[in-house]
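The values are calculated or read from the model by the stated rules, or taken from the named source; none is laboratory data. Remember, it's a predicted structure, so these values are computed and weren't measured experimentally. Cβ placement follows ideal geometry from the backbone for every residue including glycine, while neighbour counts extend to all protein chains displayed.
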Amino acid sequence: MLAVLDVDVDPDLVDLALTHRSFAYEHGGIAHNERLEFLGDSILGQAVTVKLYRDYPDLDEGELAKRRASLVSTVALAEIARIIGLGAFLKLGRGEELTGGRDKSSILADTVEAVIGATYLSAGPDVATALVLRLVEPLLVDPDRFGAAMDPKTSLQELASARSLGNPAYRVTEEGPDHDKTFHATVVLMGEDIASGTGSSKKNAEMAAALGAWTRLSGRGEESVDLLATDGPDAGTGDAR
């Protein structure tokens, strides 16, 4: 994990940052990452705010606030986590492991914040700020990806319309008790499952799925997809996720 982050952080703090409360509960109530998440959230917000203020002198307060909100959103942070492969390092309880916790947007986003908090405590504010800027860079250097992270459902709808693919449909399921539900959303275009996402709400799950679908359709993912190259929705029945 330290090699992925390219920072010199106390291994014990990194281990704590990767420890989800479900793992802590199953191991006798050991410490977990929620306090580090709280700290990292503030550091992330400050670093992104200063970056946007300096780099976009012509934007007004409203637009700056909109962009900041998108960069610190669950959807954006989860995408960052997937880019660096953070899910493979998580310490999860059995229940989360069995329900796909390593790819849940909420867990991934929270862990990114916890890692930032751990970096701040171990290496100081300058190193933590530098880490934040490296993590958000993939969104900043690609204007289209940045826009998609701000509003993935609208971006996907516009891309699908431009390619004459019709309107995206979302298939949503839920699991877990009322106080701790997990939602799973799948984007369907022309009868094909394009991408899926999870979240702590239906909205977050659909946004995560929409961003995944936009990434694939735009050719920015590891595996792109072009539905216009098929013979239509009946051309195949395989899961395109």
**OP:** Having 3 or more residues that are loosely packed, with under 13 Cβ neighbours inside 10 Å, modelled with pLDDT of 90 or more and not assigned by TED's automatic domain parsing to the domain that holds Leu131 is the bar; report the helices (runs of 4 or more DSSP H) wholly within the range 1-106 that clear it.
**Re:** none
Original post:
Is it true that Ala109 is buried (at least 19 other Cβ atoms within 10 Å of the Cβ), at pLDDT 90 or above and of a type in the set (A, V, I, L, M)?
Top reply: yes
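Within the range 172-195, can one find any residue that is part of a helix (DSSP H, G or I), modelled with pLDDT of 90 or more and surrounded by fewer than 17 Cβ atoms within 10 Å (Cβ to Cβ)?
no
Working only within the range 118-166, note down all residues that are part of a helix (DSSP H, G or I), of a type in the set (D, E, K, R) and buried (at least 17 other Cβ atoms within 10 Å of the Cβ).
The initial filter retains those residues of the range 118-166 that are part of a helix (DSSP H, G or I), namely 118-123, 125-140, 143-150, 152-162.
Subsequent filtering for residues that are of a type in the set (D, E, K, R) retains 126, 134, 137, 144-145, 153, 158.
Residues satisfying the conditions are Arg145, Lys153.
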**OP:** Go through Leu108, Leu131, Leu121 for me and flag whichever is free of Cβ contacts under 8 Å to residues at least 60 places away in the same chain and not hydroxyl-bearing (Ser, Thr, Tyr).
**Re:** Leu108
Original post:
Quick one: is Glu175 closer than 19 Å to Glu97 by Cβ, of a type in the set (D, E, K, R) and touching a residue at least 40 places away in the same chain (Cβ under 8 Å)?
Top reply: yes
